[in-house]
Each structure stands twice: as C-alpha cells, then as structure tokens.
Amino acid sequence: TLGKPEMHHRGWIDLNKNGVKDAYEDPALPTETRVADLLARMSREERVGQLLQKLMTDTSDKKDAALVTSGQLGSFLGVAPDANLRNRLQRLAVEETRLGIPLIFGFDTIHGFRTTYPIPLGLSCSWDTTLVERLTAMAARESTVVGVDWTFAPMVDIARDPRWGRIAEGNGEDPYLGGLIAAASVRGFQGNDYGRPDRVVACLKHYVGYGAAEGGRDYNTTEIGLPTLRNIYLPPFRAGVEAGAGTLMAAFNSLNGVPASGNRFTLDQVLRREWGFGGFVVGDWESVGELVHHGYAADKAEAGVLSLTAGVDMEMVSECYRELPAMIDQKKIDSAVIDEAVRRILRVKFKKGLFDQPYTAPVEVDVAAHRALAREAVAASCVLLKNEGAVLPLGTRSIAIIGPFAEEQAELLGCWHALGNAKDVVSLHAGLKAAVKKGKFRVARGCPIIEPASAKEIDAAVKQAKKADVVILALGEPALWAGENNHRLDLGLPGAQQQLFDRIVATGKPVVTVLFAGRPLAIPAVLEKSAAVLMAWHPGIEAGHGVADVLTGKVAPTARLTTSFPRSVGQVPVHYNHLHTSRPFSDYKDGTREALLPFGFGLTYTTFTYGPTRFSRDTLAMGGAITISTTLTNTGKAAGTETAQLYLHDVACLQGARPVRELKGFQRVTLAPGESREVSFTLRADELGSWSPDGKWVVEPGRFEATIAPNAASGEMAAFALQP
Ligand code: NOJ
C-alpha cells in the first residue's frame, strides 16, 4: 500500500572518467578522506550550493533541474509521496553534475509515515522508551520506501504552555523524561547506523527555547534566563546529541533578543564547543531570511552571514546563502566558514550512504505488524484521568457513543500526519463495535467539533443517551487546532461541546468522556461531572482499536501525564518543576494556582499504595551513592502496572534555587492483587547537581529531599544530606 517506487541501480561511479575512481568515490576509504578529497575539487559555487535546501514540488524536475545540474542545490525537503520524482532529481545530481554529489531528501515524518501512531505528546505519556524506539524505527522504515533520507524529528522542545499548539509535537514539560524520549527517538530513526537503507537521519528540533513562546503564540519571542535554559530547555537536545543525532534544526524564535537561527551562543558555544556536536544544523523554514523580520539583520546578505557564522550550515527555503560568494568578495565572511559547513553536510551524506546508494533501495514493509504496533501505542498513550465507581472497564451493556468524535476519522490523525490517510483510521465507534461483540450501540454526533450546534441534533443525542446504560462521550479538538501555528486562547472544549456535555450529564447516565486533543485541556467541569475520563490525544490510524482496548480492559491503562493540566487558561504556564517563591501562600483571588492534574498523573484498573520513602543512609559523601526505596502494594482487585516516580529537591542551592521537585527516575512495576514489592533507585552523588549558567555541572553539598510517588503532586518528602 505504500506504492512501489522505480528502483535504480548504482553504477554511476563507473560513468566517471572511464572507471577510474576519485578518492571520494571510493566507499572503502574513511569518510574524512572522502570529504577532504571532494571538498578540494569543489568550486565556490558548488560549495555554497551544498548549503541550500528547497521545497520539492510537482514541478521540481522542470523548475529546479537547472539548479541541481549546475550544482547549486544540496537538498530538497518534502519528498513524499513521489519516489520517482525524488530519484529523477537525484539522477540529475549524481549523473549530470561535474562531481556527482547526491542530494539529501528531508521530510517531516513526525509520528509515523503511513502508519500514523499517536502524536508525540500522547506517546510520551507511555513513559516507554522501548516503545518509542520501536515506533520511530517503524516510521523510518516506511519513510525510506519513498526515498526519505532524513526526518525532521524528533521535536524535543520543552513546553509549559498548552496554548502553544506545538506542545502536541513534543514530550511534555520534563527535561529528564524528555531527554530519554529524545534519545530513544534518535535510536529508533537512525538505528546504530543511519546508513542502513531502512533508517533515516534524525533531526533534533527546534533549537532552542521555541516552546517558551510568549502568550503561547507560535513563533513568538522567548525570554529564558540562563539557569532555566541550561537546566530545562537544553537537556533534551543534549541527550539527543549524545544519542548520535545526525542533524539539528535551528528554531524560528528569538531567544533573549537574538534569533535562534543566528544565535552564536546556543549554536556555536553550547552545541559545538561544549557538547561537541559533529552533525550539521539546518535552519527552519526561511528562519535564516527571517533574521531580517526579527530586526536583527539589515538584509538577506547580512542574515546569511550571521546565520552561517553562528552555525546554521544548511538554509531551508529562504536562499540568503546565495549571497555568500559576494560576501566573501566583500570580506564579510571567510570562505573557511563555508567550507566547514560544507564538510559537515557532506559527512552526513557520506554516512547516509548517498554516494554509494543514491537511489531508493528496496525495503519491505509488514503493514499488519505496523498496524499492530500502532494499536499497542494507542493503548499505551491513553491516560485514565478518572474512574469513579469503577465504571471502566466497560461491560457488555447498552452503550451510547455520543459526540463529534464518535465516528470521526480524519481528525484522529493529528497534526503532521505525513501520509496518514483518514480512510485507514479506525473510528471510536468502529473500534468499540469490534471489541464489544455483543454490545448494543446507539450513536449520535450531538454537535459538530467547532461549529455551532443545532438544538435538534443535541436533542437527538440526549434521546439516545437516555436509552443506554452508559454513555461514551467522545469530545475534543480538531487535529489542526494543535501543531504549527495553531495556538489557542481558550483551553476548553471548542464549539458547542460543553453544552452537549452538560445536556448528556443531565440525563443522569454514567458518562465516560474520551478526549481527543493535541494538548492538555482546561476542563474542570468535565473531570468533575464525568464518571470516567480517558485522555486519548490524537491517536492515529489505530485510534478506535487502541482506545477500545483500554475502555474494555483488554489492556489496562498505564500512561501518565507528561504535562500538567491547568484548571484555567489563567494559570498557564503551569508545570510541576517550578521554583519555590518567597510567599507560597499567595494565590489567585478567584481560584487556585494548583494544576487540575499534575505531571505524572494517571490511573489504572487497580489501586496502589506507597510506603514511606526510605534511604540506605542519612548522609552520603561526594563520590558516594544512596539507595532510595519504598514498598509498593497493589491494594485493588486486579493486576496492574504502576509507574513509581522518584522526585528530588535540592533544599538550598547557591548557584541558583532548584525546582520544588525534579524527576530523577521512574520504574514500571506490575503487581498482582495484594502483592507488595520493594522499589528502589540508586542515585550517585554526582547526579545531585545542576547546570551552572556557564554550562558546568555543579554538585553542591547540603540537604536534599526525595520521595517516591505516583505523581508530582503527592508523596511525602524525606531528607538526606550530601557531605562536602
Ligand atoms: C517548519 C516547522 O517549524 C518545522 O518543524 C518543519 O520541520 C519544517 N517547517 C519543514 O516542514
């Protein structure tokens, strides 16, 4: 079903100079030798050409062919679905240019290619890095079928503001968990060697601070102090770099007044010098040209100089880098800066194997296995937020499925769904019908997703609800109310959905609300009045099956929130890892500052209790370690899996106060009813530090507190000391 691209054999090497290979053409030579040999042969224009990326469109083989054959283009983005066009363009680069330098083709494979799985924010709630790795490997494999060499993923931006639509694309608010997921995604996309035909080069994005957009408005200015930048926003990128990500994307936002795509501090100082990143950096779409919009560069030529000098090696779409030869002549930039960027890009092209296998290689896709994995991911991403009177798991009763998402397909794909196809999506109704074979279903939409409702349609839904034993109310927001440029002012249910909810609740029937959204919603009334609430995010093509697996108890829920849910939009940004204030008693006149649901929260079909947090010692020395443990008991009637979370607090820190809590570890523990188990974590003294503003990891002796708890808002802190 993925389409069969035209295959080409290699052999182009022999076309060159009667079979005599130049050093760079010899796969047996080390990459560095090949890069150096090739660079030495390249003209100035060919070097600059490698730094440019354009959008591939239906007309590219006519429009862009001349650029390719004259060696003035290094890359295209937007490959899918046309492998033939991709290969035709590649053939121009490889066979009709002087040096035969292949293009690299990038694409946004974000949460699946054809087999769309849950949006990243949803998947992050699995807290399951193995699952993330399996899924990203699957997405890589499918992408390569049409010749994608490189994906613009994972997005590892920390987000604390659910108004920002791109919260959907990241892994939530925690830098530790975010780092683990970033690394797992890089491993999944790239494998051990992204040169393999079924792997793609990963791209960590958007570097950096993009998620801190003021007002939650996408692309907006960010102001992030160094302690927060170092300890919150940078760590997931660092984790991705350490996992070997081949590339990184510089962001649109300006950071403390300097555009991220021209920011020498973050791109050169931190990324290259401190972390030793060896891959290449691509700017985001026109982000280089936008240095002018930011009021940073005077014109395109200056923007190009500033971005390249800062460390943006490849320019996406805006073409300021075309001015670079003139800038060299005017001594505004040294040609060595260009050469370094070219080297970085060529290195990745060599490692991807593009010189040796420039065309799409045959890769098999097991569609059924991929769908099964996507289904597993849906169930693993659904967070059970409430379950009063054990209304879930569902029995085989008379069930009304109501709401605009009851039979919806397209919107369940979520933002950035690549080649995900609405026709492949299993709706909630279809999934439940397949799962509860003897169930009796009444279905009514009740109202559209965002448009106003008709009284008649709501009345019809109420009528169906009254005839059922239990109502599944499927509510939420459309796919493109989240993702890029899709910020929201209000975090409630769109359109007439709250009205529909109130009318259905008034029937007195138990209501199980299933929410489909790309962000945390501020829904205190829904939480209060529903018997059960399941957060299903935008789950992708296996939506109905995976959600039904959880609703019926075939799979007990295990997912945990990776972002706090606000009560009201007025609370945002709301996140668990905030600092203490001098006056903790201060609160809103018309409400509380406490989140509606904390980070780490999630229920399942049994209950657990935690004993007191214990330490293996009261004090530890530098270089030592401490074991922190508790007794976990399954106090319910079903087997279940708990995610025990270790939180730490550094009580007094001179280099800068530390958050009230920081996640330091977690373990998933499966227990039979009545079973107890010791859960323990070992922390080394050197794990108790934080990043100083100038990028040093500093461990300060003193008092620390820790707890093992089911979420960020519970658990008693106990203290130990770190000695000098
Ligand atoms: C702009 C987005 O910000 C980025 O995430 C994406 O990868 C590029 N466009 C390419 O589509």
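List the pairs whose first member sits in segment 700-713 and is closer than 15 Å to ALA625 by Cα, whose second member is among the acidic types (Asp, Glu) and at pLDDT below 95, and whose Cβ atoms are under 9 Å apart, counting only residues at least 6 apart or on separate chains?
none
Inside segment 401-442, can you point out the residues that are among the β-branched types (Val, Ile, Thr) and either assigned to a helix (DSSP H, G or I) or within 28 Å of SER454 (Cα to Cα) (or both)?
So in segment 401-442, the residues among the β-branched types (Val, Ile, Thr) come out as 401-402, 425-426, 436.
Result: ILE401, ILE402, VAL425, VAL426.
Pairs only if they're at least six apart or on different chains, beta carbon under 7 angstrom, first in segment 135-160 and on the phi > 0 side of the Ramachandran plot, second modelled with pLDDT of 95 or more and within 14 Å of the ligand (Cβ to nearest atom); list them, first residue then second.
Close Cβ pairs satisfying both conditions: GLY147/PHE105.
Any residue in segment 406-420 that's surrounded by fewer than 24 Cβ atoms within 10 Å (Cβ to Cβ): show its pairings with residues that are assigned to a loop (DSSP other than H, G, I, E, B) and modelled with pLDDT under 95 at Cβ separation under 6 Å, as long as the two are six or more apart or on different chains.
Here the result reads LEU419/ALA80; LEU419/PRO81, each pair linking segment 406-420 to a residue that is assigned to a loop (DSSP other than H, G, I, E, B) and modelled with pLDDT under 95.
Keeping to segment 205-219, report how many residues are touching a strand residue (DSSP E or B) at 6+ places or on another chain (Cβ under 9 Å) and not basic (Lys, Arg).
Count: 9.
Run down GLY106, GLY78, GLY74 and say which single residue is modelled with pLDDT under 95, within 16 Å of the ligand (Cβ to nearest atom) and under 24 Å from GLY353 (Cβ atoms).
That would be GLY78, the only listed residue that is modelled with pLDDT under 95, within 16 Å of the ligand (Cβ to nearest atom) and under 24 Å from GLY353 (Cβ atoms).
Identify, by number, the condition in (1) in contact with a Leu (Cβ under 8 Å, 6 or more places away or on another chain); (2) part of a loop (DSSP other than H, G, I, E, B); (3) over 29 Å from GLY112 (Cβ atoms) that GLY395 doesn't meet.
(1)
Based on this model, can you work out whether GLY216 counts as under 30 Å from GLN357 (Cβ atoms) and in contact with a helix residue (DSSP H, G or I) (Cβ under 9 Å, 6 or more places away or on another chain)? Talk me through it step by step, then tell me what you get.
On the way: under 30 Å from GLN357 (Cβ atoms): no; in contact with a helix residue (DSSP H, G or I) (Cβ under 9 Å, 6 or more places away or on another chain): yes.
Against the criterion (under 30 Å from GLN357 (Cβ atoms) and in contact with a helix residue (DSSP H, G or I) (Cβ under 9 Å, 6 or more places away or on another chain)), GLY216 does not qualify.
From the list VAL94, VAL79, VAL68, VAL35, pick out the single residue that is assigned to a helix (DSSP H, G or I), more than 14 Å from LYS349 (Cβ to Cβ) and in contact with a Leu (Cβ under 9 Å, 6 or more places away or on another chain).
VAL68
Test VAL348 against the criterion of being closer than 29 Å to ASP26 by Cβ, in contact with a Ser or Thr (Cβ under 8 Å, 6 or more places away or on another chain), within 16 Å of the ligand (Cβ to nearest atom) and touching a residue at least 40 places away in the same chain (Cβ under 8 Å), and give yes or no. Break it down into steps so the answer makes sense when it comes.
On the way: closer than 29 Å to ASP26 by Cβ: yes; in contact with a Ser or Thr (Cβ under 8 Å, 6 or more places away or on another chain): yes; within 16 Å of the ligand (Cβ to nearest atom): no; touching a residue at least 40 places away in the same chain (Cβ under 8 Å): yes.
The answer is no for VAL348.
Out of curiosity, is TRP691 of a type in the set (A, V, I, L, M, F, W, C) and free of Cβ contacts under 8 Å to residues at least 24 places away in the same chain?
Criteria not met by TRP691.
Take segment 61-96 and flag every residue that is among the polar types (S, T, N, Q), within 22 Å of GLU286 (Cβ to Cβ) and crowded, with 21+ Cβ neighbours inside 10 Å.
The answer is SER75, and nothing else.
List every residue pair whose Cβ atoms sit under 9 Å apart, with the two residues 6 or more apart in sequence or on different chains, where the first one lies in segment 544-570 and is at pLDDT below 95 and the second, anywhere, is among the small types (Gly, Ala, Ser) and surrounded by fewer than 24 Cβ atoms within 10 Å (Cβ to Cβ).
Close Cβ pairs satisfying both conditions: none exist.
Note down all Cβ pairs under 6 Å where the first residue falls in segment 651-664 and is surrounded by 16 or more Cβ atoms within 10 Å (Cβ to Cβ), the second is of a type in the set (D, E, K, R) and not in a loop (DSSP other than H, G, I, E, B), and they're at least six residues apart or on different chains.
Correct list of pairs: ARG658/ASP650.
Hey, can you tell me all the residues within segment 271-310 that are within 16 Å of the ligand (Cβ to nearest atom), part of a helix (DSSP H, G or I) and within 24 Å of VAL35 (Cβ to Cβ)?
Once the filter is applied, which keeps residues that are within 16 Å of the ligand (Cβ to nearest atom), part of a helix (DSSP H, G or I) and within 24 Å of VAL35 (Cβ to Cβ), segment 271-310 yields only SER307.
Looking at this structure, is CYS415 in contact with an Asp or Glu (Cβ under 9 Å, 6 or more places away or on another chain) and within 16 Å of the ligand (Cβ to nearest atom)? Quick ask: steps written out before the conclusion?
Values: in contact with an Asp or Glu (Cβ under 9 Å, 6 or more places away or on another chain): yes; within 16 Å of the ligand (Cβ to nearest atom): yes.
The answer is yes for CYS415.
Go through GLY257, GLY216, GLY225 for me and flag whichever is at positive phi and surrounded by fewer than 22 Cβ atoms within 10 Å (Cβ to Cβ).
The match here is GLY257.
Among (1) under 22 Å from GLY225 (Cα atoms); (2) surrounded by 14 or more Cβ atoms within 10 Å (Cβ to Cβ), where does VAL679 come up short?
Just one mismatch for VAL679, condition (1).
Could you grab me the full set of residues in segment 704-724 that are loosely packed, with under 13 Cβ neighbours inside 10 Å and either closer than 14 Å to MET622 by Cα or in contact with a Cys (Cβ under 8 Å, 6 or more places away or on another chain) (or both)?
Scanning segment 704-724 gives GLN723, PRO724.
So ARG166 passes all but one of these: (1) touching a Pro at 6+ places or on another chain (Cβ under 8 Å); (2) not in a loop (DSSP other than H, G, I, E, B). Which condition number does it fail?
The single condition ARG166 does not satisfy is (1).
Would segment 180-196 turn up any residue that is within 15 Å of the ligand (Cβ to nearest atom) and part of a loop (DSSP other than H, G, I, E, B)?
no
Taking interchain pairs and intrachain pairs at least six residues apart, which have beta carbon atoms under 8 angstrom, with the first residue in segment 176-203 and on the phi > 0 side of the Ramachandran plot and the second modelled with pLDDT of 95 or more and in a helix (DSSP H, G or I)?
Hits for this filter: GLY191/ALA137; GLY191/ALA140.
Would you mind finding the one in ASP174, ASP157 that is modelled with pLDDT of 95 or more, within 16 Å of the ligand (Cβ to nearest atom), among the charged types (D, E, K, R) and buried (at least 24 other Cβ atoms within 10 Å of the Cβ)?
The match here is ASP157.
What single numbered condition from (1) modelled with pLDDT under 95; (2) of a type in the set (Ser, Thr, Tyr); (3) closer than 22 Å to TRP537 by Cβ fails to hold for THR360?
(3)
Taking the criterion of being farther than 13 Å from GLY540 by Cβ and in contact (Cβ under 8 Å) with a residue 40 or more places away in the chain, would at least one residue in segment 112-125 satisfy it?
In the first step, residues of segment 112-125 are kept if they are farther than 13 Å from GLY540 by Cβ; the result is 124-125.
Filter once more, keeping what is in contact (Cβ under 8 Å) with a residue 40 or more places away in the chain: 124-125.
Checking segment 112-125: at least one residue is farther than 13 Å from GLY540 by Cβ and in contact (Cβ under 8 Å) with a residue 40 or more places away in the chain.
Which residues, counting only those in segment 141-154, are away from the ligand (no atom under 16 Å from the Cβ) and not in a loop (DSSP other than H, G, I, E, B)?
ARG141, GLU142, THR144, VAL145, listed by residue number.
ARG703 is checked against (1) in a strand (DSSP E or B); (2) under 31 Å from the mean Cα position of the chain (by Cα) and fails just one. What number does that condition carry?
So ARG703 meets the others, but not (2).
With the checklist (1) at pLDDT below 95; (2) more than 23 Å from GLU705 (Cα to Cα) in hand, flag the one item PHE585 doesn't pass.
(2)
How many residues are more than 22 Å from GLY289 (Cα to Cα), among the aliphatic types (A, V, I, L, M) and either away from the ligand (no atom under 16 Å from the Cβ) or out of contact with any Cys (no Cβ under 9 Å at 6 or more places or on another chain) (or both) if we restrict to segment 214-270?
9
Just one of the numbered conditions (1) under 23 Å from ALA400 (Cβ atoms); (2) in contact (Cβ under 8 Å) with a residue 24 or more places away in the chain; (3) surrounded by fewer than 19 Cβ atoms within 10 Å (Cβ to Cβ) is not true of ALA460; which one?
Only one criterion in (1) under 23 Å from ALA400 (Cβ atoms); (2) in contact (Cβ under 8 Å) with a residue 24 or more places away in the chain; (3) surrounded by fewer than 19 Cβ atoms within 10 Å (Cβ to Cβ) is unmet by ALA460, namely (2).
The values are calculated or read from the model by the stated rules, or taken from the named source; none is laboratory data. As the structure is a prediction and not an experimental result, all values here were calculated from the model. Cβ sites come from the backbone with ideal geometry, for glycine too, and all protein chains shown count toward neighbours.
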